[in-house]
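Okay, structure first, notes after.
Laboratory data are not the source of any read-out in this text; all were calculated from the coordinates shown. Computed from a prediction, not measured in an experiment: that's the story for all the values here. For neighbour counting, all protein chains shown are included, and Cβ atoms are generated from backbone atoms with ideal geometry for every residue, glycine included.
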Amino acid sequence: MKKRVYEGKILNLRVDNVEINGRESIREVVEHNGSVAILPIIDDSFLMERQYRYAIDKTLLEIPAGTLEEGEEPYDCAKRELREETGYVADTLIYLGSMYLTPGYCTELMHFFIAKDLRFESEKLDFDEVISVECIKIDNAIDMAMKGEINDLKTVYAILRYTMQYH
């Protein structure tokens, strides 16, 4: 039996009664539409964001990312989120792949992109977003990720994936 116990703006929560190895158990599942993360590149730098994250009460250095709207394709979402959060538009978006972020309890599948050939237009932040954008040299970002100075999983994954494929 599945019972949705919460419906929210970006996620829903359901509680499932399941049978595992002949025994009844409960699984709490966060339902999420999926998301995108974008690794924008300008010359020899990554375009990154400093953003306050309420859930952990910290400001993190991370790459632009956002939630897929109902029926939205990841490519379109990546273009939209990059523009909204940084003000930049990418003439080239390269798909890096996708991964589940926390499959033990959440359905969220994140799609990763590299954004190149950027031009600035204007940002369109949501009313509740406070983001500052900065360029971090690629080699510095790799070093920061390896030292744990960048501690946002999607950002570390994108940096390391880029490093292994392109750097």
So, R0 is 25 Å and r is the distance between the beta-carbons of Val15 and Glu72; what FRET efficiency does that work out to, to 0.05? 0.35
For Met99 and Met1, FRET efficiency with R0 = 35 Å and r from the beta-carbon atoms, rounded to 0.05? 0.75
Starting from the Cα of Ser132, step 7 Å toward the Cβ, then list every residue of the stretch 28-64 with an amide N under 12 Å from that point. 49-52, 59-61
Near the amide H of Leu96, under 5 Å away, which other amide H atoms are found, from residues 5 or more places off or on another chain, if H is placed in the peptide plane? Phe112, Phe113, Ile114
Anchor Lys116: aspartates and glutamates whose Cα lies under 13 Å away (excluding residues fewer than 8 positions away in-chain): Asp43, Asp44, Asp91
Taking Cα atoms, how many degrees apart are the long axis of helix 153-166 and the longest axis of the chain, rounded to 10 and kept between 0 and 90? 50
Over every pair of different alpha-carbon atoms in the stretch 3-51, take the mean of 1/r and invert it; report that Kirkwood radius in Å. 14.5
Using a/c under 1.5 as the rounded threshold, could you call the stretch 33-166 rounded, prolate or oblate? The axes a ≥ b ≥ c are square roots of the C-alpha gyration tensor eigenvalues, and prolate needs a/b larger than b/c, oblate otherwise. rounded
Sorted by packing (mean other beta-carbon atoms within 10 Å per residue), highest first, where do 89-97, 62-70, 77-85 land? 77-85, 62-70, 89-97
With label points built 7 Å along Cα→Cβ from the Cα atoms of Asp117 and Arg27, find their separation and express it in nm. 4.3
Using Cα-Cα distances under 8 Å and only pairs 6 or more residues apart, what relative contact order does the chain have, in percent? 24
Expected sort for 1-12, 127-138 on mean C-beta neighbours within 10 Å, highest first, is 127-138, 1-12
Counting only the backbone N, which residues of the stretch 24-54 are under 17 Å from the spot 7 Å out from the Cα of His167 toward its beta-carbon? 38-49
